[in-house]
Amino acid sequence: MTLRLLWTSLWISGCTAAACLILGWLSAIWIAGAHGWVRRLALGLVVVGAAFPGFLVVDVWMEITGSASLWHRWFGWNLFSTPGLLWVMIWVHWPLTTLLLSFSWTGLDRSILECDSRLQGAELAWNVLLPASRGASCQAALLVFGLAMNQFSVPALLQARTLSAAMWIDFNTTFDFGAAMLKCVPQWIVLIVVACWFRSARFESEALIGNGWQRVLWKTLGHRFVLRCGTVFWCAVWFSVLVPLGVLLGSRGTWAGVWGAMVANQGLIGRTVLTGVGAASLALACGCLLWRWRQGWILWAAFWTPGVAIGIGLIAFFNRPGLDWIYGSWIVVLVGLALRYSGIAWTAASVGFGDSRRELFEDFRLCGGGGWNYLRRVGVPLASGKLAAGWYAIYLLSLWDVEILSIIAPPGSQTLSLLIFNLLHYGHTDQVLSLCLVLLGVALGPWVLWVFSRRVGILGLLLLAGCGGPGPENAGNLRSSLFGEIQVIGTRGVGASQFNKPRSVTVDSAGRFYVVDMTGRVQRFSRQGEYESHWQMPQTDLGKPKGMCLDWSGAIVILEPHYSRVNHHRSDGSLLKQWGEKGLLPGQLTQPRAAAVSARGEIYIADFGEGERVHRFKGAGEKFLGSWGGGGTGPGQFDRPEGIAVDAKDRVYVADSCNHRVQVFDREGVFLREFGKAGAGLGEMSYPYDIQIDREGRVFVCEFGNSRVQVFDEAGAAIEVLGGPGDEPGRFNNPWSLALDQEGNLFVADSGNHRVQKLVRRR
């Protein structure tokens, strides 16, 4: 199995690298001959393409090639295939080869182009340009090969079984450290060979000699050859930049949701910027210190290593007494990202300072100058362009990285990319595109500041200092008028009383509670929080269970969104009934996310997907009673309904997650009111994922984005906030679900902390 996955990964990575090298080489020729605003525009478009994270490109092409699209009707092409995976991988990585090769020709001597009038067109490209860029071509191809080999977000989203994607999925399902590391072995062997080859390829570029060489290059190449290269370039720009930008900027839903996304995630935006800046600066500082180290190529080993393996290594190293202050803080994220991309920093520094400047360094030493003074006064100014390019490359890669962060990110260290990746599996396209637009602005920020004015950079730093935004109120330990004692149940793992991102929780009439997590296990605990038994949901390949409640008979209801079905289980796990049919017709389900049962024996289901609806059934699906909703932001419309609850008066409360609000309806779906808006203050919300109502009519809302639980009265006025980001008792990390028992105790599925917290009601 592993060898087959390795072969698939090698084939996809090799094809991606070869295609990107051809596209990049022809495009770079056209860019090298351009001048003035045309060259700046071309490079700007390539930079924009390089700033697109892989998951954005996947989301855009999913939208373009969807079943209702013209593309699908004309070509009948399925993106969820090997050709579809290659298509996306090429457009994700093509800009990197183009940028590297473009810079490799900036040092061409004009006299070389004019030395032989017989060298024109393809012969000039083959005999002059190709040798001049041989080192850069090798490095560009190997760089893309390594990135494609370690890529997991694109294959995972397209449901392709590559080695990196399978490693990440298996580890997050089983927590089997040994099996994950074992799968790394064949990939390491291949990448070590690639790294050795990468070491032998040297990037060489001389200072620009003469003026007007761009015009000479195009004239010497000939109009026909230049036209072909330009056609290739603009076709690549069309598919990799303009089409995604058109979908991103042309959707009204994107612009409608972008303000709410910014307000709801203002702290997350600041943390994302600081993560990218901190990781790039730390890596570049290490590269500058080690630029004369001849064995610095060893630092590339981290780049060729899958992020899952790096995350496992960081856990093993820092998760111990004395180092837990690093393991549980933002520092571990910076260390992981800087470590992974330190090879890029070392290469940028060594190439920037260059072998030709070693003699200058020795002369500087003879004059009494030290190494630090040389770097500060001579080396850094001369190498500033390549150092800036290396810093920006690491900054972009750090913004995109979700593989390391999904393994090691402590509470409060989530970034926009990690949030987007999580939402891609469940969120509405417009919401994901809105967040991607925000992330794109963060990615292009340093480049825009550099292009327009150096002074703006100072203003930018001042803005960054205050862009963290207000955090959730009451972010310390639990301070509540309703709850006193806190009981923590479970740790991270796959054993008894251990969890891997618990997704839903419910409590039966005897006080026993049930928890389902990413492994697909449903664990049962006693009233005191002691593990009793568990059962395994039989199918988890397409997705994991999410959504639990009790039906009128006391059976455990468990939803399976990706299978569009509802299960009723006895307390011992035996299946009583299974029902549900996928579709958009009345009574059919798309992705049911939550269920609630009224005193009348009616079951309400919040259904995410194309319909964005709430369904009402009698009994266990025996009779369909109606549905309401639809996609949108208006009253009675939904954008990813995640949670649902019914109060004693048969009013239905829906956690309208991506609209950052709660909507209230009567039992037949007539809109009554709404409360909440995007934000982190009292009465504001960020991605409400679940909702529960106690006997007194108080409404408890679980906020995934703010990592807290907020309490409202019956009229929707905020009473208090419980918790905030953290891993101490009473604090949360992206909670997913809530449940209330007969005594009013609140159970919270604290997903990011891999545990359940029981908040005991004051007597």
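The values are calculated or read from the model by the stated rules, or taken from the named source; none is laboratory data. From a predicted model like this one, the values you see are computed outputs, not experimental measurements. Neighbour counts run over all protein chains shown; Cβ positions are idealised from the backbone, glycine included. Heavy atoms of the whole protein, side chains included, go into the accessibility calculation; ligands, DNA and RNA do not. Shrake-Rupley method; radii C 1.70, N 1.55, O 1.52, S 1.80 Å.
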J(HN,Hα) series, segment 746-763, from Karplus relation 6.51 cos²θ - 1.76 cosθ + 1.60, nearest Hz, glycine and proline x | 9, 9, 10, 7, 7, 4, x, 9, 6, 7, 10, 10, 10, 9, 7, 5, 5, 9
Placed amide H near Asn500: partners under 5 Å, 5+ positions off or other chain = Gly493, Met518, Thr519
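Using Stokes-Einstein with the Kirkwood hydrodynamic radius over Cα pairs, what translational diffusion coefficient do you get for segment 543-642 at 20 °C and a viscosity of 1.002 mPa s, in µm²/s rounded to a whole number? Kindly include the intermediate steps, with their values, before the conclusion.
Details: Rh = 13.4 Å.
Once the numbers are plugged in, D ends up at 160 µm²/s.
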For segment 304-328 and segment 686-731, compute the distance between their C-alpha centroids and round to whole Å.
-> 32
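Taking every pair of alpha-carbon atoms in segment 626-763, give the share separated by more than 23 Å as a whole percent. Walk me through the intermediate numbers first.
Working: 2656 of 9453 pairs.
Result: 28 percent of Cα pairs exceed 23 Å.
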List every residue whose amide H lies under 5 Å from the amide H of Gly626, counting only residues 5 or more places away in sequence or on a different chain, with H placed 1.01 Å from N in the peptide plane.
-> Arg616
Ranking by accessible area, most exposed first, for Ile486, Ile691 with a 1.4 Å probe | Ile486, Ile691
Relative packing of 528-536, 734-742, which averages over residues the other C-beta atoms within 10 Å, highest first | 734-742, 528-536
Tell me the label-point distance for the pair Arg570, Phe624, using the 7 Å Cα-to-Cβ offset, in nm and rounded to one decimal.
-> 3.2
Would you mind putting 135-144, 566-575 in packing order, based on average other-beta-carbon counts within 10 Å, highest first?
-> 135-144, 566-575
Please work out the C-alpha center-to-center distance from segment 516-564 to segment 577-613 and express it in whole Å.
-> 17
Would you please give the FRET efficiency between Tyr531 and Ile331, computed as 1/(1 + (r/R0)^6) with r the Cβ-Cβ distance and R0 = 30 Å, to the nearest 0.05?
-> 0.30
Would you mind checking which residues have amide H under 5 Å from Leu672's amide H? H placed 1.01 Å from N; only 5 or more apart, or other chain.
-> Val664, Phe665, Asp666
Within segment 137-174, which residues have the backbone N less than 19 Å from the label spot 7 Å out from Leu182 along Cα→beta-carbon, could you tell me?
-> 162-174
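List, in the order given, every pair from Lys501/Lys623; Lys546/Lys758; Lys544/Lys677; Lys582/Lys649; Lys582/Lys758 whose Cα-Cα distance in the structure shown is over 27 Å.
Where the Cα-Cα span goes over 27 Å, the pairs concerned are Lys501/Lys623; Lys544/Lys677; Lys582/Lys649; Lys582/Lys758.
In terms of solvent-accessible area of protein heavy atoms at a 1.4 angstrom probe, what is the ranking of Leu437, Leu722, highest value first?
Working: Leu437 30, Leu722 0 Å².
In descending accessible area the options line up as Leu437, Leu722.
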Determine, for each peptide in 606-614, 708-716, the mean count of other beta carbons within 10 angstrom over its residues, then list the peptides with the highest first.
-> 606-614, 708-716
Accessible surface, 1.4 Å probe, highest first, among residues Ser9, Ser627 | Ser627, Ser9
